[in-house]
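In what follows, a structure is listed as structure tokens, so that the remarks can point back to it.
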Amino acid sequence: MGTVLLTVLVVLIVAIGVGALIIMLATRIAAGFVPKFLHAFLAALTVTILAGILSWILQMVLGSGGLASVISLVLVFLLNAAVINALVKMPTGMQMGFGKACLVSLIQIVIEIVIFVVLGILFGTALFSMMAPAVH
């Protein structure tokens, strides 16, 4: 039981760290600066916690379905942009603005989709090749 919890904790920390790197890249593309890793990590951690709570509440109120998923997606996007705007500061120490934070959030989503598609293709191909009969 302890090993499972430790494994889950390590996976979560690594996933949030990767999310922080994606926020840093998206901020570089959208706003023209690279934020500190700690700020990006705190933003990714905060968004992960708040998005989980928000999604849970919406599922309790609206149930699971198409409309609930669309509403959840929009609200999590806006939440992500708000957290990035609040926690990821420009080198001058000022906020980048909600509009740029929305652009950072959009670019972040596109990067994550590309990563998931590439990983899906790689793992799908590997799994398919393992299941294929050996030809001699």
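The values are calculated or read from the model by the stated rules, or taken from the named source; none is laboratory data. None of these values were measured; they are calculated from a predicted model. Here the Cβ is made from the backbone with ideal geometry for all residues, glycine too, and neighbour counts use every protein chain on show. All accessible areas refer to the heavy atoms of the entire protein, side chains included, with ligands and DNA or RNA removed. Shrake-Rupley method; radii C 1.70, N 1.55, O 1.52, S 1.80 Å.
The table below gives the values:
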{"read-out": "Residue, nearest to Ser105 (Cα to Cα), within segment 54-76, restricted to residues that are open to solvent by less than 50 Å² (accessible area, probe 1.4 Å) and part of a helix (DSSP H, G or I)", "value": "Val76"}
{"read-out": "Residue ID - modelled with the lowest pLDDT, chosen from residues in segment 6-46 that are surrounded by fewer than 16 Cβ atoms within 10 Å (Cβ to Cβ) and not in a helix (DSSP H, G or I)", "value": "Gly32"}
{"read-out": "Residues of segment 85-100 satisfying the condition of being closer than 13 Å to Ile29 by Cβ and not in a loop (DSSP other than H, G, I, E, B)", "value": "Lys100"}
{"read-out": "Lone qualifier among Leu50, Leu42, Leu38 - being of a type outside the set (Lys, Arg), within 20 Å of Leu12 (Cα to Cα), out of contact with any strand residue (DSSP E or B) (no Cβ under 9 Å at 6 or more places or on another chain) and in contact (Cβ under 8 Å) with a residue 40 or more places away in the chain", "value": "Leu42"}
{"read-out": "Ile111 vs. criteria closer than 19 Å to Ile29 by Cα, open to solvent by less than 60 Å² (accessible area, probe 1.4 Å) and touching a Leu at 6+ places or on another chain (Cβ under 8 Å)", "value": "yes"}
